[in-house]
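To keep things clear, I will list the structure first and then write my remarks on it.
The values are calculated or read from the model by the stated rules, or taken from the named source; none is laboratory data. From a predicted model like this one, the values you see are computed outputs, not experimental measurements. Glycine also receives a Cβ, built like all others from the backbone with ideal geometry; neighbour counts cover every protein chain displayed.
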Amino acid sequence: MKLGKISTVFFGILITCFSAKAQLTQRSEVGFGLGTFNYTGDLVRTYNFAFSQPAATLIYRNNVSKVISFRASFTGGKLAASDTRKPIDAFASQRSASFNIFLMEVSGVYEYHFLDWRDSKRRLRFTPYLFAGLALFNISGLSSRTQQYSSIQMAIPFGGGMKYVINPKYYIAAEIGIRKTFFDYLDNISDGDPSQKNYQYGNKFDYDNYFFLGITLTRTFYDIPCPTNPYR
């Protein structure tokens, strides 16, 4: 075969390689999200929208298969609550405690999608999903009484949501997730001496938790396999 024909075939293969989306091997996504942090602990026993605080997240996602994805996230926002705003009982009214901190989180989770939502033949381009993994979080704004504890702690994030394909490049998702911690000082309240009657204590056996509720938008990037030399 002449050099000119070889060059034509070679460049034809390259063009095909970069234009044939049917040959996708995997998809990666980057994006961001906006939402709220919330908290449960000694000051607030159950999820309460009244104590929602602004939060934001940055996302990298690798779609391992049609139903499994790995997601790495960096999330930050405020956590705050107060006994004086919505006291849960008479004891809380006397305690009159509050906190206001900034929390940053780095997490890695696996997502499981119930439907093959990226299948172009599907008329409904959405799926519910669940996720779970591990996270590290750092808090600033601790009171002096909690400086004996590290500001960096571990949490187990898990939750679920719904994803929708806007177009082949952009996906949108709404989710809620809890971060189960092993730390009792998010609210600066834990064990204490009940005999002092200062009411500045809580349940040391009940760890604090926080939540992220939000909407994310991601952009997809394609990895397209190119032909390899069969004679190597």
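Table: residues versus (1) of a type outside the set (Val, Ile, Thr); (2) loosely packed, with under 13 Cβ neighbours inside 10 Å; (3) touching a strand residue (DSSP E or B) at 6+ places or on another chain (Cβ under 7 Å); (4) at pLDDT below 95.
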residue: 97; (1), (2), (3), (4): yes, no, no, yes
residue: 107; (1), (2), (3), (4): yes, no, yes, no
residue: 112; (1), (2), (3), (4): yes, no, yes, no
residue: 120; (1), (2), (3), (4): yes, yes, no, yes
residue: 134; (1), (2), (3), (4): yes, yes, yes, no
residue: 147; (1), (2), (3), (4): yes, yes, no, yes
residue: 152; (1), (2), (3), (4): no, yes, yes, yes
residue: 158; (1), (2), (3), (4): yes, no, yes, no
residue: 165; (1), (2), (3), (4): no, no, yes, yes
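Of all residues in segment 60-78, how many are within 15 Å of residue 213 (Cβ to Cβ) and β-branched (Val, Ile, Thr)?
Residues meeting the conditions: 1.
Being more than 10 Å from the chain's Cα centre (by Cα) and of a type in the set (Ser, Thr, Tyr) is the filter here; which residues of segment 100-116 pass it?
Scanning segment 100-116 gives 110, 112.
Go through segment 28-85 and count every residue that is free of Cβ contacts under 8 Å to residues at least 24 places away in the same chain and part of a loop (DSSP other than H, G, I, E, B).
Going through segment 28-85 one residue at a time, the tally reaches 3.
Take the residues in segment 168-200 that are of a type outside the set (D, E, K, R) and closer than 14 Å to residue 99 by Cβ; name whichever of them is modelled with the lowest pLDDT.
First pass over segment 168-200, keeping only residues of a type outside the set (D, E, K, R): 168, 170-174, 176-178, 181-183, 185-186, 188-190, 192, 194-196, 198-200.
Okay, now just the ones that are also closer than 14 Å to residue 99 by Cβ, so 183, 185-186, 188-190, 200.
Values: 183: 91, 185: 88, 186: 90, 188: 82, 189: 81, 190: 71, 200: 62.
Looking at the filtered set, the residue picked out is 200.
For segment 203-224, enumerate the residues that are modelled with pLDDT of 60 or more, part of a loop (DSSP other than H, G, I, E, B) and not acidic (Asp, Glu).
203, 204, 205, 207
Do you know which residues across segment 46-68 are at pLDDT 95 or above, surrounded by 15 or more Cβ atoms within 10 Å (Cβ to Cβ) and either closer than 15 Å to residue 171 by Cα or in contact with a Pro (Cβ under 7 Å, 6 or more places away or on another chain) (or both)?
Listed by number, the residues that qualify are 59, 60, 61.
Just the residues that are of a type in the set (Ser, Thr, Tyr) and touching a strand residue (DSSP E or B) at 6+ places or on another chain (Cβ under 6 Å), please, taken from segment 58-76.
Answer for segment 58-76, where residues must be of a type in the set (Ser, Thr, Tyr) and touching a strand residue (DSSP E or B) at 6+ places or on another chain (Cβ under 6 Å): 60, 69, 73, 75.
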